[in-house]
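This report concerns only the one structure given below.
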Amino acid sequence: MSNGTHYEVLARKYRPQNFSELAGQEHVSRTLQNAIESGRVAHAFLFTGARGVGKTSTARIMAKTLNCERGVTHEPCNVCPQCIEITKGTSTDVFEIDGASNNGVDDVRDLRDNIKYLPSHSRYRIIIIDEVHMLSTNAFNALLKTLEEPPEHVKFIFATTEPHKLPVTILSRCQRFDFKRVTLPKIIARLREIAGKESVTISDAALALIARKGDGSMRDSLTAFDQVLAFCGNTVSDDDIGTLLGTIDRRLLADISAAVFGGDTQGVLAGIKQVDLVGYNMRQFCQELIEHFRNLLVTRSVKKPEEILDLTAAELEELHKQSINISTLDIQRRLALLIKAESEMAYASFPRLIVEMALLKATLLAPLVPVQELIEKIKALETAAVHTPSLPWETARNASAPLSHHMEQPRTAAPSRPPQPVADTVSPPVSGGGQPDWGRFVTFVNENDRQLGSVLEHGSPLRQEKGLIEIGFPAGSYYLNAAQDAEFIADVQALACTFAGGSTTVKVKSIESGFADAPLSLAEKKKSDAEQHLNELKQEVGNHPLIKEAERVFGCAITDVREF
C-alpha cells in the first residue's frame, strides 16, 4: 500500500471468470453450458449451497454468457464491453441485489416496475438476488406473478445458503442447482496454482492446513491464504501456519493417537499440554481428535479409503501406516470414549480435565482377547475336565459337556450336603393333651389360613406346653401389631385347639431385638440355613480342580456363586 496502489484480496483477484475455472462444481457448469448451447435456458434459476462455493460467481458467469457481444456461447469472452462491465459490477442491465438489505415488499415492487423496460444495450435484463431467503413473506408474494411469467428479456438468478426457508411457491418456479462443498484436494490444487502466480514458497502440508481451515469453502480458504501471506510474506513455514490460523498440526494428532494405542500416558498428557499452551479450544481439539480416530477407523475398515475420506495422499499414507497394526474394535472402543467426552464438554467447567480423563482411559484400556483364542482355551478346559473329578452337582454323564460362561447349579441338582428341612412333614392333629411342635403347628396354620401362617413364621415360640402357646415378636414390628389384633389371636387359638385336640390359650408378647433367650423364628432359621449352605457351596466350588484350572487359563477369579 506504500506505493499508493489498491490491494485486491485473493478471493476477488482470482474469482472464477468462466465455467472452466469453477472448482468442484463441474456438474453445475456442464448442465448450464448444455442448456445454453441447446437454447433451453430457463427464466429463473436457484443456486443453493454452503458459503464460498461459487454461487454468486456462477451467476455472474451466466450473466456474461447470456449478454456477451460475441454471441450466446458456453463460455464468455471476458474481453467485450458487456463482459467487462458485468465483471466490474457496472452493467446497467445486470442488477445484483442483496436480499438481506432489500427484503421489503416495496423493494420488490420497484424491481418489478423496472424490469418492464427493455435492456439498454444487452440481450437480457438479469436480476441476481443473493441470500434470497432473507426476503419477507410479502416480498415473496409480490414476486410470484412476475417470477412465473416474466418478460422475455428478463432472467432471474437466486442464490441462497438456506433453501429450506424459501416458500414452495418460489421453489416450484425455479430450476434448482445444488452446489457441493469443494473437496480438499481441489482446494489445495487451486491454492498451489495461486501460490505459483504470486511467487509464494509454501509446502503442501501448509496448503493442506489452509484448505482444511476453509472447511469446503474456496472463498474461506483464499481468505485464510491471504492472512497467511500478510503475516509470512512470500515464504511460509509450517509452524507459522498453525500459530496464525489456530489449527492443530496433524502430526500432533497422529502423535497423541499413537501414544493412546501404545499405552504411553506420559506422551498423551504431554500432547494435551502442548495443545493447551497454544491456546487452542479444547472442545474443538476433541472434535478434531474424533475426526482423526474416525479416519483411522475408515482406513482400517475399507479397501479404498481415498474414495470416502477428504484427505491428501500423504495424510492417507500416514493413516494407513498407523492403523495397520490396530484392530477396528480397538479403534471403536476409544472413539466411543472420545464421543462421550465431547458431549460432556458442552457445559463443563474443566474441559481439559475431561479430555485428559477420556484419553487416559483410552490409553489404559485392557486389550480384548480374540474370539479364536478364547475358543482354544475353552477346548483346553474341556480336555482337562475329562481328567478331573466332577463338580459336586455334576453327574458322570455331563462332566465333559462344554463349559458355559456362568458355572451355575442346575435346578434339579442335589447338593453335596442337603439343607435340613425347616419343619417336619405335617402329621395329623394329635389328640389328647400332647404338647404341640412349633414347626408342625405353623405348617398346619399355613394349610388352613396362609395369612395367619405368614405372620406366625416371624414369631419365636417362647413357651409351648399343654393348653398354652406363648409367641414373641420383635418390638415395634409390623408382625407384632398384626399378632396383637384380637381377631388374629382368636383365629390362631381356634386352630391351636384343633391341632392340639384340646383347649389351648395363645398369648402374644413383645421382645426386644437381639433378645438372647428367644429362639429363632422360622423365617430367621430359613435365612440362616440358606447362608450357611451358600458358604459351603462357595468353598466347594473354589476348591474344585476344574475351577482352579479355569482361573489359571483365563487369568480370572470367582466373584460370586449363585444357586439355581
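Are any of the residues in the range 181-193 of a type in the set (K, R), assigned to a helix (DSSP H, G or I) and without any contact (Cβ under 8 Å) to a residue 12 or more places away in the chain?
So the first thing to find is which residues in the range 181-193 are of a type in the set (K, R), and the list is 181, 186, 190, 192.
Within this subset, residues satisfying the condition of being assigned to a helix (DSSP H, G or I) are 186, 190, 192.
From what is left, the residues that are without any contact (Cβ under 8 Å) to a residue 12 or more places away in the chain are none.
No, every residue in the range 181-193 fails to be of a type in the set (K, R), assigned to a helix (DSSP H, G or I) and without any contact (Cβ under 8 Å) to a residue 12 or more places away in the chain.
Take the range 268-316 and flag every residue that is of a type outside the set (D, E), within 23 Å of G216 (Cα to Cα) and more than 24 Å from the chain's Cα centre (by Cα).
Listed by number, the residues that qualify are K304, T312, A313, A314, L316.
Anything in the range 145-171 that is hydrophobic (A, V, I, L, M, F, W, C) and surrounded by 15 or more Cβ atoms within 10 Å (Cβ to Cβ)? List them, or say none.
Result: L147, V154, F156, I157, F158, A159, L166, I170.
Of all residues being under 12 Å from S521 (Cα atoms) and hydrophobic (A, V, I, L, M, F, W, C) in the range 439-493, which is surrounded by the fewest Cβ atoms within 10 Å (Cβ to Cβ)? Just the residue, please.
This residue is L462.
Just to be sure, is R176 touching a residue at least 60 places away in the same chain (Cβ under 8 Å) and part of a strand (DSSP E or B)?
Spelling it out, R176 is indeed touching a residue at least 60 places away in the same chain (Cβ under 8 Å) and part of a strand (DSSP E or B).
Report, by residue number, each residue of the range 58-108 that is touching an Asp or Glu at 6+ places or on another chain (Cβ under 6 Å) and either over 23 Å from G39 (Cα atoms) or of a type in the set (A, V, I, L, M) (or both).
Scanning the range 58-108 gives S91, D98, G99, A100.
Of everything in the range 34-57 that's of a type in the set (V, I, T) and outside any loop (DSSP other than H, G, I, E, B), which residue is farthest from R190 (Cα to Cα)?
Among residues in the range 34-57 that are of a type in the set (V, I, T) and outside any loop (DSSP other than H, G, I, E, B), the one farthest from R190 (Cα to Cα) is I36.
All but one of (1) polar (S, T, N, Q); (2) free of Cβ contacts under 8 Å to residues at least 60 places away in the same chain; (3) assigned to a helix (DSSP H, G or I); (4) under 18 Å from F156 (Cα atoms) hold for T31; which doesn't?
For T31, the failing item is (2).
What's the total number of residues in the range 278-305 that are within 20 Å of K213 (Cα to Cα) and not hydroxyl-bearing (S, T, Y)? Even if it seems obvious, please write down each step before you answer.
Of all residues in the range 278-305, those within 20 Å of K213 (Cα to Cα) come to 278-295.
Narrowing further to those that are not hydroxyl-bearing (S, T, Y): 278-279, 281-295.
Of the residues in the range 278-305, 17 are within 20 Å of K213 (Cα to Cα) and not hydroxyl-bearing (S, T, Y).
Listed here are the residues, each with its yes/no results for (1) of a type outside the set (V, I, T); (2) closer than 25 Å to D178 by Cβ; (3) in contact (Cβ under 8 Å) with a residue 40 or more places away in the chain; (4) outside the structural domain of Q17 (by TED's automatic domain parsing).
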position	(1), (2), (3), (4)
R70	yes, no, no, no
H74	yes, yes, yes, no
N78	yes, no, yes, no
D107	yes, no, no, no
I115	no, no, no, no
A142	yes, no, no, no
L147	yes, yes, yes, no
P163	yes, yes, yes, no
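Could you grab me the full set of residues in the range 22-50 that are of a type outside the set (G, A, S), surrounded by 15 or more Cβ atoms within 10 Å (Cβ to Cβ) and farther than 16 Å from T183 by Cβ?
Matches in the range 22-50: L32, Q33, I36, V41, H43, F45, L46, F47, T48.
With the condition being small (G, A, S) and surrounded by fewer than 20 Cβ atoms within 10 Å (Cβ to Cβ), I'd like the helices (runs of 4 or more DSSP H) fully within the range 312-365 carrying at least 2 qualifying residues.
313-323, 328-344
Among the helices (runs of 4 or more DSSP H) lying completely within the range 477-564, list those that include at least 2 residues that are farther than 30 Å from T383 by Cα and out of contact with any His (no Cβ under 6 Å at 6 or more places or on another chain).
Numbers: elements: 478-483, 486-500, 522-542, 545-554.
Output list reads 478-483, 486-500, 522-542.
Inside the range 87-113, can you point out the residues that are more than 24 Å from H133 (Cβ to Cβ) and part of a helix (DSSP H, G or I)?
T87, K88
I'd like to check something: does the range 4-21 contain any residue that is in contact with a strand residue (DSSP E or B) (Cβ under 6 Å, 6 or more places away or on another chain) and outside any strand (DSSP E or B)?
Quick first cut of the range 4-21, residues in contact with a strand residue (DSSP E or B) (Cβ under 6 Å, 6 or more places away or on another chain) only: none.
No, the range 4-21 has no match at all.
Just one of (1) at pLDDT below 85; (2) outside any loop (DSSP other than H, G, I, E, B); (3) within 57 Å of the chain's Cα centre (by Cα); (4) not aromatic (F, W, Y) trips up Q464, so point out which.
Result: Q464 passes all but (3).
Could you tell me whether N114 is surrounded by fewer than 17 Cβ atoms within 10 Å (Cβ to Cβ) and of a type in the set (S, T, N, Q)? Show your work before the answer.
Numbers: surrounded by fewer than 17 Cβ atoms within 10 Å (Cβ to Cβ): yes; of a type in the set (S, T, N, Q): yes.
Yes: the conditions hold for N114.
Mind checking which pairs have a first residue in the range 36-49 that is more than 18 Å from C68 (Cβ to Cβ) and in the same structural domain as I170 (by TED's automatic domain parsing) and a second that is in a strand (DSSP E or B) and among the small types (G, A, S), Cβ under 6 Å, 6 or more apart or different chains?
Within 6 Å, the pairs are F47/A159.
Any idea which residue in the range 190-205 is surrounded by the most Cβ atoms within 10 Å (Cβ to Cβ), counting only those that are among the aliphatic types (A, V, I, L, M) and farther than 30 Å from F158 by Cβ?
Among residues in the range 190-205 that are among the aliphatic types (A, V, I, L, M) and farther than 30 Å from F158 by Cβ, the one surrounded by the most Cβ atoms within 10 Å (Cβ to Cβ) is I202.
Test V426 against the stated conditions and say whether it is of a type in the set (V, I, T), at pLDDT below 85 and touching a helix residue (DSSP H, G or I) at 6+ places or on another chain (Cβ under 6 Å).
Judged against the criteria, V426 is a match.
Just to verify a result, which residue in the range 114-132, among those that are among the β-branched types (V, I, T) and outside any strand (DSSP E or B), is modelled with the lowest pLDDT?
Looking at residues that are among the β-branched types (V, I, T) and outside any strand (DSSP E or B), I get I115.
Okay, residues lined up against (1) touching a Phe, Trp or Tyr at 6+ places or on another chain (Cβ under 8 Å); (2) free of Cβ contacts under 8 Å to residues at least 60 places away in the same chain; (3) on the phi > 0 side of the Ramachandran plot; (4) polar (S, T, N, Q):
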| position | (1), (2), (3), (4) |
| --- | --- |
| L10 | yes, no, no, no |
| N18 | no, no, no, yes |
| S57 | no, yes, no, yes |
| T90 | no, yes, no, yes |
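Quick check, is R60 assigned to a helix (DSSP H, G or I), within 25 Å of D220 (Cβ to Cβ) and not hydrophobic (A, V, I, L, M, F, W, C)?
yes
Looking at (1) touching a residue at least 24 places away in the same chain (Cβ under 8 Å); (2) in a helix (DSSP H, G or I), can you tell me which one T247 breaks?
Here T247 meets the rest and fails (2).
The values are calculated or read from the model by the stated rules, or taken from the named source; none is laboratory data. The structure displayed is predicted, hence computed values, not measured ones. Cβ sites come from the backbone with ideal geometry, for glycine too, and all protein chains shown count toward neighbours.
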